[in-house]
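Let me begin by presenting the structure, written as structure tokens, before commenting on it.
The numbers here are math on the coordinates, done by the rules we state, and not lab data. The model shown is predicted, which means the values in this text are computed figures rather than measured ones. All Cβ positions, glycine included, derive from the backbone under ideal geometry; neighbour counts span all protein chains shown.
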Amino acid sequence: MLGPDSRLLTVLLIVVSASLLVAAARLRLLPAKIACSALSIVVAMTGGVAVVNDYYGYYTTWGAMWADFHGGGTGNLGVISTTTSTSTLGAGHIGWISLPGKLSGYSRRGLVYLPPQYGQAKYAGIQLPARVAHGTAAPAGR
């Protein structure tokens, strides 16, 4: 109910931020005004992050967010069988890759699906497509 992609969490963060701003305006002591103002900014920024997370669906559980920020992961997810009945195609692979953020400066890990032909010598000169997490297609270079 109150997961990282919850709209209720976003609304609560906005209400808390607005309440802290009202408190900062009404309080007379300068240290209290500064503390409420600073907390309001932090809570508002967290609310902005929650809105972006809700829109893009980065984290649907607290555990997924914890694992991403603390280097957790499932590692290689193994082999996926092909959808055709022909056994000569073999099986594709899913695994984790590093996605360097050359423009943004933020690197992330992502999942990539490599087609069954990827490791075969006769396809060495062909650039095969790879399917990367979040629906973006990228060529699989060798």
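Points worth noting:
- Remark: the range 4-18, residue by residue, has Karplus-estimated 3J(HN,Hα) of x, 9, 7, 6, 4, 4, 4, 5, 4, 5, 5, 5, 5, 5, 5 Hz, where x stands for each Gly or Pro and the curve is 6.51 cos²θ - 1.76 cosθ + 1.60 at θ = phi - 60°.
- Near the amide H of Gly92, within less than 5 Å, lie the amide hydrogens of Ile80, Thr82, all on another chain or at least 5 residues away, with H placed in the peptide plane.
- Each residue of the range 38-47 was assigned a 3J(HN,Hα) from its phi angle through the Karplus expression (A = 6.51, B = -1.76, C = 1.60, θ = phi - 60°), giving 5, 5, 4, 5, 4, 5, 5, 5, 5, x Hz with x at Gly and Pro.
- Pairwise FRET efficiency - Met1 versus Val22, Cβ, R0 = 25 Å, nearest 0.05: 0.40
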